[in-house]
Amino acid sequence: MERIILHCDINNCYASIECAENPALRGKPVAVCGDVEERHGIVLAKSTEAKAAGVQTGETVWKAKLKCPELTVLPPRFDMYLKYSRAVREIYYRFTNQIEAFGIDECWLDVTGSTKLFGRGTEIANRIRTAVFSELGITISVGVSFNKVFAKLASDLKKPDAVTCIERKTFKRIVWPLPVSVLMGVGKSTAKTLNSLYIKTVGELAKESPARLRRSLGKCGMQLWEYANGLECSPVADCDVSSPVKSIGHGITTPSDLKHNEEVRHVIFALSETIGKKLRSNRLAASGVQISIRDSEFRTHEFQCMLPAPTQSSLAVSRQAFCLFSKKYAWTHDIRSVSVRAIHLVPHGTPYQLDLWGDALRTSKSETIEDAMDKLQTRFGGGVINYAAILYDPRHYSFCENSFH
């Protein structure tokens, strides 16, 4: 039996929810933006009217206002957006329990087993779309197809408040003429690589030699070839299934640019302290560390390396992250933001080969100390005990939690 997969996407999510909460904003250019004083002053989401005026997600607030002087700028209210997201999913649950979230505003639904109750895929999509608008006052776009990749692509083809279907018998006619960048998994870098191979459309990608794609893009090349040929077949996760934690990261845009190593070292330590807590609470250990640096020219530099041994220690993660930074970053510009990520996670206690010249005992002691600190903080509050280095400069540690991936 052919699968029927829906991809539901809340249109202009944050801005639409703000308009639903305040109907006076409907029909006006609206943008939800970060805090300018905290140097998060970029457009996070915009209404259709703001988009028509040229406002783009990710651009600075002052640029957006130059394009659209009448723009209404609102601060984000993430708790409210999460409430709406949950309410939308409750509507989805009326039609299936196979729902896989893809961010706060997108979900895949497998409605293959629901057709006898609710009709064809497009009928179910329209019933969901109508229910979301009538009950919550926001619109969604729904893609209907036989796999997740084409369902997501279909939802992007026609917005807002629309249903688009890509069937197996028609996908070549609809999808193959499109630019290769429309495929899930094709970012700027991958698109550039594909264009250098004279692959500019999805159809050209589908007809390309898999061996050549593997040579240029590795496993990703083979995966994209399968996507282009409609061969993607991954299941939609059941609503009760939790995705495994693949990495744990933390980042900050500092209120002022960092200008020397000592400032960066303290920021990395504070970030790593939070990562260590997440590792311990999830009973995981990091086998590697990754850092991401954004300089004052908004260029991003990413580096990663393996740790000597899997660890939960904040100190061990911090030491390796700063060592990596010191070796790799050339200080051509001051630093605007720093992120640290624990990667290659394994269950805590996983056996590993000891290094004769390593410092396993020191790391083990750090883990024991930090575990005791966690227990004290849980019982008496976060301020009862901490590393002195965390108190170095509290301006840098106004973190925005978004740690799991």
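Each reported figure results from applying straightforward, stated rules to the coordinates on display, with no laboratory input. Predicted, not measured: the structure shown is a model, and the values here were computed from it. Cβ sites come from the backbone with ideal geometry, for glycine too, and all protein chains shown count toward neighbours.
Some notes on this structure:
- Exposure proxy ranking for Y14, Y93, based on other Cβ atoms within 10 angstrom of each Cβ and starting from the fewest, stands as Y93, Y14.
- Using every pair of distinct Cα positions in segment 227-364, the Kirkwood expression returns a hydrodynamic radius of 16.4 angstrom.
- Extension gain for L117 to R86 (0.36 nm times residue separation, less C-alpha to C-alpha distance): 8.8 nm.
- Residues with amide H under 5 Å from that of T139, placed H, sequence gap 5 or more: N11
- Annotation: extensible slack from F102 through K188 equals 28.9 nm (criterion: 0.36 nm per residue apart, minus Cα-Cα distance).
- Helix 78-93 vs. the chain, principal-axis angle (Cα, 0 to 90°, nearest 10): 50
- The value obtained for segment 197-252, namely the Cα convex hull volume divided by the number of residues, is 168 Å³ per residue.
- FRET efficiency for C323 and R77, using Cβ-Cβ distance with R0 set to 51 Å, rounded to 0.05: 0.80
- Rule-of-thumb Rg ratio for segment 176-228 [Cα; 2.2 N^0.38 Å; N residues]: 0.93
- Using the Karplus relation 6.51 cos²θ - 1.76 cosθ + 1.60 with θ = phi - 60°, the per-residue 3J(HN,Hα) values for segment 337-342 come to 8, 9, 10, 10, 9, 7 Hz, with x marking Gly and Pro.
- Label-point separation in nm, T378 to D156, each point 7 Å along Cα→Cβ: 4.2
- Calculation over all alpha carbon pairs of segment 1-166 in 10 angstrom steps from 0 returns a P(r) of 11, 37, 31, 16, 4, 0 percent.
- Rounded tilt (10° steps) of 148-157 against the dominant C-alpha axis of the chain: 70
- Base-10 log of normalised Debye intensity for segment 40-123 (one unit scatterer per alpha-carbon) at q = 0.15, 0.20, 0.22 Å⁻¹: -0.72, -0.90, -0.99
- The angle separating the long axis of helix 121-136 from the principal Cα axis of greatest extent in the chain is about 70 degrees.
- Among [x] 52; [y] 65; [z] 57, the entry that matches percent of Cα pairs over 26 Å apart as calculated here: [y]
- Relative contact order, whole percent, for the chain stands at 14, derived from Cα pairs under 8 Å and 6 or more residues apart.
- Full-stretch length increase - R215, C305 - with 0.36 nm per residue and alpha-carbon distance subtracted: 30.0 nm
- Within a Gaussian network of the chain (alpha carbon springs, distance under 10 Å), most fluctuating of G27, G249, G41: G27
- Pairs over the 24 Å Cα-Cα cut-off, from the set K51/K152; K63/K328; K278/K375; K28/K159; K148/K207; K46/K67: K63/K328.
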